[in-house]
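These notes are about the structure you will find just below.
Only the coordinates and a few stated rules stand behind these numbers; no lab work does. None of these values were measured; they are calculated from a predicted model. Here the Cβ positions follow ideal geometry from the backbone for every residue, glycine too, while neighbour counts run over all protein chains shown.
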Amino acid sequence: MSHYDNIIIGAGHNGLVAAAYLAKQGKKVLVLERRSIIGGSVVTESFGDNFSVDSLHTGGTLRPDIIKDLKLASYGLQPDSAPQPFITLLADGSPLTLDVESIKRISEKDAARFPEFVRFMNKAAQIMDVTYSTIMPRLPMNFGFKEGYGLLEWALELKLAGRKDMLNFIRALPMTAQELVEEYFESDIVKAAICAVAIHGSTLGPMGAGTGYTLIHSWMNRGGLAHKNVGKAGEITTALANAVKAFGGEIRTEAEVASIKIENQIAKGVVLINGEEISANQIFSAADPKHTLLKLVGAQDLPPEFVWHTQSIKMRGSVAKIHLQTNGNHGIPEGTLVVAPSIKYLEKAYDATKYGEVSEEPYLEVTTSGNTISIHFQFAPYALKSGDWKLEIKKVEELAINSLSEYFPNLRASISNLKSLSPLDLEQTYGLTEGDLNHGQLMLDQFLFMRPIPGWSNHKTPIDNLYLCGSGVHGGGGVSGAAGRNAAKSVR
Ligand SMILES: Cc1cc2nc3c(=O)[nH]c(=O)nc-3n(C[C@H](O)[C@H](O)[C@H](O)COP(=O)(O)OP(=O)(O)OC[C@H]3O[C@@H](n4cnc5c(N)ncnc54)[C@H](O)[C@@H]3O)c2cc1C
């Protein structure tokens, strides 16, 4: 049986970040990925000739210190592309870019307030970044100075932000996105466009408590309202894989872990679905906490209360993706474009999912890369009240194309090929339990000390030598790499 210092389950960006940090420390590292390609949610893949697309997450960018630590530029990571426009659509179908000059067209007051809003959001994102870089001690357990040290750095960052921004940051977290944007803007179209970013990937409406937090989270991950590096998701994970290999690590694809081997509450290795066993001193799982703990470990090896908490992690995926290959004559402008005409529209789109229904009038986020158009569709609940995702996905495709065609009448005729992904596909193909993008909803009762579950926020588990390093732990989701880096650092 082969033996490693560290096995990492899952070659998404967090697994690769953890692997690269560990391999850089001189550890003998093996990454095991169930799919035939690496990347997890950060992947560019082909669905046909000239039909290559970021199938799940559009672009993204890792934290600058991770890029520097792992020398990712030398392993093929290109510099960030120039900021892209963030565009919403007015009732007459014309595009409105969210910048001072364009906003003046509809409200002088909103245009005047926009720079202050951007300044505050950048500051809030900076504080959030430090928060995510801090390994959270295991509240409500006791913790020593070493474990609590990160909290001091976090408190210092808050203090340095100044009293006004510190207070506004803390206030913003539990607020609804609607309340937050209403403190700045008067026009519904501007407010709704920003609220769309707050609910992106969350099963929440903009009137839901805690969407102030998800707005700051998304802003931090995107570096603003619009996505960066659209069409280049694969470059991130390819550079990370190059770094892992350059530091001496190994990556195996088509190597699905069926179970984690445990003896006397200590993780000893993994068993692959083909029966192969590989042993290791430490196992890191970048798969989501429910999958890792309930399937790969199993309830029989875990304390009952821990099992109950793990079962209770809210997943609730409600996103579908529709990728369109076109002849280029679709009329959709480049950038990140949202169909979000009003806050009420977004809230109603969310209402459907509460009852297990697909939104008839969905919130859409559209990105273009060459002739390919990617549509992020909300809300499409994983748990349908009735029907089957194999059939229901056709309805989602039609709703998305119809909705966009109202603004871009040439779209339908321009389509030559289509690939859609339902929440069930996100689970079955990409390994996301219940189609949840972030390995667990980003909600106020599932962040900081409570991610993945209260008492276990420092990457450890009740099984010695088994650690969690994916988006389901503090530092995730998004494409920052913080969860993977923090996990690797936590075992030093
Ligand atoms: C459609 C979509 C849109 C998104 N948009 C945004 C956004 O705008 N802003 C934002 O902040 N975040 C967004 N996200 C979330 C973000 O992309 C994820 O949080 C992040 O990429 C997850 O990275 P990860 O490495 O933790 O996990 P993953 O990328 O999920 O990687 C986990 C890997 O583990 C593998 N695996 C699972 N089980 C096993 C097993 N048993 N054996 C071997 N391998 C296994 C999987 O195949 C996968 O490759 C989006 C996600 C999706 C899906």
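Quick notes on this one:
- Options G470, G431, G484; residue that is under 24 Å from Y4 (Cβ atoms), within 12 Å of the ligand (Cβ to nearest atom) and in contact with a strand residue (DSSP E or B) (Cβ under 7 Å, 6 or more places away or on another chain): G470
- If the condition is being more than 16 Å from the ligand (Cβ to nearest atom) and aromatic (F, W, Y), then segment 260-315 contributes F306, W308.
- Test result for G48, assigned to a loop (DSSP other than H, G, I, E, B), away from the ligand (no atom under 13 Å from the Cβ) and not charged (D, E, K, R): yes
- Members of segment 456-492 found to be of a type outside the set (K, R), over 25 Å from P304 (Cα atoms) and part of a loop (DSSP other than H, G, I, E, B), listed by number: G475, G477, G478, V479, S480, G481, V491
- As a summary of the residue check, L32 satisfies the conditions (1) in contact (Cβ under 8 Å) with a residue 60 or more places away in the chain; (2) touching a Leu at 6+ places or on another chain (Cβ under 9 Å); (3) more than 12 Å from the ligand (Cβ to nearest atom) except for the one numbered (3).
- Subset tally (residues that are within 15 Å of the ligand (Cβ to nearest atom) and surrounded by 24 or more Cβ atoms within 10 Å (Cβ to Cβ)) for segment 323-345: 4
- The residues of segment 44-76 that are out of contact with any strand residue (DSSP E or B) (no Cβ under 7 Å at 6 or more places or on another chain) and under 18 Å from G478 (Cα atoms), listed by number, are H57, G59, G60, T61, L62, R63, P64, D65, I66, I67.
- The residue pairs whose first member lies in segment 51-66 and is under 18 Å from I37 (Cα atoms) and more than 8 Å from the ligand (Cβ to nearest atom), whose second member is assigned to a loop (DSSP other than H, G, I, E, B) and of a type in the set (G, A, S), and whose beta carbons are closer than 7 Å, counting only pairs six or more residues apart or on different chains, are D54/G231; G59/G231.
- Check on D69, within 20 Å of A243 (Cα to Cα) and more than 16 Å from the ligand (Cβ to nearest atom): yes
- Segment 441-455, residues that are in contact with a strand residue (DSSP E or B) (Cβ under 8 Å, 6 or more places away or on another chain) and either farther than 30 Å from G148 by Cα or in a loop (DSSP other than H, G, I, E, B) (or both): F447, R451, P452
- Where N371 falls short, out of the listed (1) surrounded by 18 or more Cβ atoms within 10 Å (Cβ to Cβ); (2) closer than 22 Å to D49 by Cα: (1)
- Every pair of residues 6+ apart whose Cβ atoms lie under 6 Å, when the first sits in segment 423-440 and is closer than 11 Å to A380 by Cβ and in contact (Cβ under 8 Å) with a residue 24 or more places away in the chain while the second is aromatic (F, W, Y) and in a loop (DSSP other than H, G, I, E, B): P423/Y382; G435/Y382
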